[in-house]
1. Over all alpha-carbon pairs of segment 72-152, lay out the pair-distance distribution in 10 Å bins, whole %, shortest bin first.
2. Quick check: residue separation of Glu132 and Leu77 times 0.36 nm, minus the Cα distance between them. What number comes out in nm?
Amino acid sequence: TSYASGNSQEHKICPSCGNKTLFNGPASASASKVASSQSSLQRPAQGSANESNDSQSSQASAEQSTSPNDQTKQAPLFTAPTDAPDDLQQIKGIGGVMEKTLNDLGITTFKQLGNFSEAEVQMVAERLTGFEDRITRDEWVQQARVLAKLDS
């Protein structure tokens, strides 16, 4: 840290970013106190143990994320039917990512989804972390029944 002596401007090193900043104010003995307290707040050097621990913990928290994309890492709830899969995106509320998530859970056809019991709906809802109410709110089972022509 350097300071302009007898000047009204001081140059300081920011403890959080390491950039040199210009401080407009009286240069005084308190500046040396600030400088000494800032030295204890210096960022660790790159590649230090603290930095690697931080990157490891952020990687771990990213792995624990529960977005629909991450649902693909879970074991299927159902055995997918041998029938050709349907385009589940025809159901309101199911986009490409959600369709992949459902396929990974073993849900691939309108008929299968249309025949779900309340218990099966609840099992799927629990696996759609962040979107738990989507299956009931958008009435996927009822839409699937119509698309599978189960209500005829």
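1. Histogram of Cα-Cα distances, whole percents per bin: 19, 61, 19, 1.
2. Here the segment from Glu132 to Leu77 would lengthen by 18.3 nm.
Values quoted throughout were computed directly from the atomic coordinates according to the rules given, and no laboratory measurement underlies them. As the structure is a computational prediction, the values presented were derived from the model and not from experiment.
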